[in-house]
Amino acid sequence: MKIINSPVQKVNFNNLEIFVKRDDLLNEDFSGNKARKFYYFLQQDFPHIKKVVSFGSNQSNAMYSLSVLSRLKGWEFVYYADHISSFLKQYPTGNYKHALKNGMKVLENKPLPETFDAETLFISEGGAVWEAEFGVKQLAFEIKEFAKANNIEKSEELEIFLPSGTGTTALFLQKNLPFKVLTCACVGDESYLKKQFLQLVLNEDLHPTILSASKKYHFGKLYEEFYLMYEKIKSETNIEFDLLYDPLGFMVLEKYLEENPKKRVLYIHQGGLLGNISMLERYARKPYFKFSNKKI
Ligand SMILES: *Cc1c(COP(=O)(O)O)cnc(C)c1O
């Protein structure tokens, strides 16, 4: 399977032009950030592997992408999840529903084994693994090709923006690009993100630049300003972005562009739209929810 369809689009955001790299369009099944991070496992042969084990939240994008990877490879997929509500068990939705369809086996509230046999591939939460560099390097290559085709010659002429979870993607992008990579911490605070960077690359000169949000937000919680930003980006750019990372990403980018209106920014759309289904179900109970979304 090839993951090749990721065009760059020019859009307007707050009356400023920005570029968007459409990694959400890479492949119908295997797209976005996790497709880049798990590309190594998709491309290489692992003749001795029979099973993938991972852990994390029950609506994680990584969980879904690993279920696709396992299906394609013919591997068993065992996922250690924290609590799964009886409602979700009865009415599976979003990433959880589709991962089950791909054959995922869920173990709830069970301790993760400390060691694994030689037939098991263990992937840590969110895909924060060194193997992720393989696919992110390909993304960096595509960005350099885009810059070349658009006569962007000096590294100061373009900046790359993407919101971070584990920070793995932003880190490996910065390591492989001449352009400045800007990011913000969506999971945990900035010191958590910095620590994550240090776990993968010790040289701080190769770390992305962390931009701060104006206030502290908790990952996975619903916020009116997130929902309104999601709606605003959708109506200004005609592109749907994810509801977990991108609203904060665009809030931080908005502030940055107000202070630096001359910067040319390429925003990486990291996919995650399947996760919007369960998020919109939660937002639908809020008074500010727009009924135009009800059909989703
Ligand atoms: C996983 C994910 C991220 C965060 O990626 P990291 O490499 O963990 O920083 C951002 N956006 C989306 C849509 C994701 O699925």
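The values are calculated or read from the model by the stated rules, or taken from the named source; none is laboratory data. Quick caveat, the model's predicted, so the values are computed rather than measured. Using ideal geometry, Cβ is built from the backbone for each residue, glycine included, and neighbour counts are taken over all protein chains shown. Just so you know, the surface numbers come from the protein's heavy atoms only, side chains and all, with ligands and any DNA or RNA stripped out. Shrake-Rupley method; radii C 1.70, N 1.55, O 1.52, S 1.80 Å.
At-a-glance table
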{"read-out": "Residue within segment 51-64 that is without any contact (Cβ under 8 Å) to a residue 24 or more places away in the chain and away from the ligand (no atom under 15 Å from the Cβ) present", "value": "no"}
{"read-out": "1 or more residues more than 11 Å from the ligand (Cβ to nearest atom) and farther than 22 Å from Val252 by Cα: qualifying strands (runs of 3 or more DSSP E) within segment 109-207", "value": "120-122"}
{"read-out": "Hits in segment 207-237 (condition: of a type in the set (A, V, I, L, M) and open to solvent by 60 Å² or more (accessible area, probe 1.4 Å))", "value": "Leu228"}
{"read-out": "Per-region count, segment 130-173, residues over 14 Å from the mean Cα position of the chain (by Cα) and either of a type in the set (Val, Ile, Thr) or buried (at least 24 other Cβ atoms within 10 Å of the Cβ) (or both)", "value": "3"}
{"read-out": "Criterion violated by Asp117 - all others in (1) modelled with pLDDT of 95 or more; (2) closer than 21 Å to Gln270 by Cβ satisfied", "value": "(2)"}
{"read-out": "Failed item, numbered, when Ser70 is tested on (1) surrounded by 16 or more Cβ atoms within 10 Å (Cβ to Cβ); (2) closer than 24 Å to Ile268 by Cα", "value": "(2)"}
